[in-house]
Amino acid sequence: MKNYLFSFLAIIFLVVAFAGSFAVDLKNVALGSLYIGLGDFFSSAVSEELETLRAENTVLKSRLALEENYIPNETEGFISVRVYSSYPFNTRNELIIQGGTADGIKEVAPVVTREKVLVGFVSRVSEKTSSVRTIFDQDFEISVRIGAEEIDAFLRGGNHPLLTMIGKDENIFEGAPVVLADSRFPYGLSIGLVGEVFDTPAESFKSASIEIPYSLNKLRVIYVIDYET
C-alpha cells in the first residue's frame with residue numbers, strides 16, 4: 001500500500017513540476033511575443049518620426065536656400081543686383097551684374113555681399129548691365145589696414161589674394177580682420193581675415209594670405225554702394 005501511495009505522490013509531483021515548467025515556457029513565449037510586438041511598434045514609430053524629421057529638414061533647407069537668393073527691399077545707399085552666370089567658365093576676375101546707368105550704377109562704385117564684405121568695384125557700365133572687377137583679378141590692388149592696431153598693408157588680387165608690404169616690426173596674427181583703407185571706397189569695409197603670415201628673412205616686408213568669407217561662384221545677389229568719392 002505504501003508503495004502505491006509513494007508512486008501516486010511521485011506521479012502527482014511530476015505532473016505539477018511539468019505543468020509548472022510548461023507554464024513558465026508559456027509565460028516566456030508570451031513575454032517574448034510581447035517584446036517583439038513592442039519592438040516592432042517602437043521601431044515603426046521611430047521610423048515614422050525620422051521620416052517626419054527628414055521632411056522638415058528638407059523644407060527648412062529649401063527655405064534657407066530661398067532666403068540666400070532673396071533680394072531685400074532697397075536700403076538707402078545700396079543697390080541690390082543679380083549676378084549673371086558665367087558657367088561653365090566660372091571666371092573669378094570679373095562678374096556681370098543685372099544693373100546699369102538706368103539703375104543709378106556708376107563706375108568705380110564698390111560692390112559688397114549682404115554682409116558688406118568687399119567683392120570688388122564696378123569697372124564698366126552700360127544702360128542695363130555692368131562689369132565688376134573682383135579682388136580675384138590679378139591687377140586688383142588696394143590699400144588696407146589690419147586688426148585693432150590698423151596696421152598698413154597692400155592687398156594684391158589674384159586667385160589667391162595676398163597681403164603685402166607689411167612692416168617687419170609689425171605684429172599681425174592669424175584671424176585679424178582686414179578692412180578697406182583706400183580713399184576711393186568707404187573706409188572700413190570688411191575684406192576678410194588674415195590667414196597664414198609669412199616672414200622671410202631675405203624679404204624687406206612681411207606678407208600674409210587672406211581668408212575671404214564667401215565663395216564667388218555662389219553669389220547670386222550682391223550690392224552696389226552708391227558712394228561718391
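Read the figures in this text as sums done on the coordinates, not as results from a lab. Please read all numbers here as calculations on a predicted model, not as lab measurements. Cβ placement follows ideal geometry from the backbone for every residue including glycine, while neighbour counts extend to all protein chains displayed.
Extending each Cα 7 Å along its Cβ direction at GLU174 and GLU94, get the distance between those two points in nm, one decimal.
3.6 nm
Among 168-177, 141-150, how do they line up from the highest to the lowest mean number of other beta-carbon atoms within 10 Å?
Details: 168-177: 12.6, 141-150: 16.0.
Descending mean neighbour count gives 141-150, 168-177.
How big is D, in µm² s⁻¹, for segment 141-211 by Stokes-Einstein at 37 °C and 0.692 mPa s if Rh is the Kirkwood radius over C-alpha pairs?
Numbers: Rh = 11.9 Å.
Translational D for this selection: 275 µm²/s.
GLU107 versus THR200, label points 7 Å from Cα toward the beta carbon: distance in nm?
3.6 nm
Could you tell me the extents of segment 97-203's C-alpha atoms along the three principal axes, largest first, rounded to whole Å?
Extents along the principal axes: 51, 25, 21 Å.
Mind giving me the nanometre distance, one decimal, between the label points for GLU49 and LEU162, set 7 Å out from Cα along Cα→Cβ?
5.6 nm
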